Amino acid sequence: MKLRLLVLFAACFIAGQMFSLEARSQTCSDIPKEIQDSCAHFFTNIKNNRVQEAYKCLLNNSAVAKSKEQFNNLVEQTARASELYGAMSDFECVNSERVCPSLIRVRYITKHVSFPMRWIITYYNSPTFGWIVMTMKFDDSSEYFFAD
């Protein structure tokens, strides 16, 4: 009996967590225009092989930009991705997730000759600077966009 209750509780908890995540997930049209423009400018610069300029603009006023090592690492990793998968030909917004009015995560995919790349960028709406990048990551794990 205790095992059944435990299994029932676990199933309800997991279902609740999944519902909570789905409720916060939004389409790309729900992303604030400033963030849409920032991402479009970023990916267009990368597409045009202006990687350093892309990061400089995207990370303006961000703590990430203040670390020269972290900044250089992002530029190098992006160049390495282009070497591995070919130059970026286009980009698409996948979705966004807002946890409150001041915190949003956007997910993009970039198209390359032999493989897509997954980009996840978290923005914070700073009272001083407006929307700034808190964290960002990219990888070749685009299969994680799909539910199992």
**Message:** Using a 1.4 angstrom probe on the protein heavy atoms only, could you order ARG50, ARG98 from most to least accessible area?
**Reply:** ARG50, ARG98
**Request:** Note down the nm distance, to one decimal, between modelled labels 7 Å out along Cα→Cβ at GLU76 and at LEU103.
**Result:** 3.1 nm
**Request:** Kindly state, to the nearest 0.05, the FRET efficiency for VAL94 paired with LYS68, given R0 = 41 Å and r defined as their beta-carbon distance.
**Result:** 0.85
**Message:** Students sometimes get this wrong: rank LEU103, LEU84, LEU59 by accessible area, probe 1.4 Å, all chains present, largest first.
**Reply:** LEU84, LEU103, LEU59
**Prompt:** What residues of segment 86-117 lie in the reach of a label at LYS137, counting those whose backbone N is under 11 Å from a point 7 Å from the Cα along Cα→Cβ?
**Reply:** none
**Net lengthening on full extension, ALA147/THR128 (0.36 nm per residue, minus Cα-Cα)** = 3.1 nm
**Prompt:** Convex hull volume of the Cα atoms in segment 38-105, per residue, in Å³?
**Reply:** 102 Å³
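The values are calculated or read from the model by the stated rules, or taken from the named source; none is laboratory data. Since the model is a prediction, treat every value here as computed from it, not as a measurement. Cβ coordinates were reconstructed from backbone atoms using ideal geometry, including for glycine residues, and neighbour counts include every protein chain displayed. Heads up: the accessible areas ignore ligands, DNA and RNA and are worked out on the full protein's heavy atoms, side chains in. Shrake-Rupley method; radii C 1.70, N 1.55, O 1.52, S 1.80 Å.
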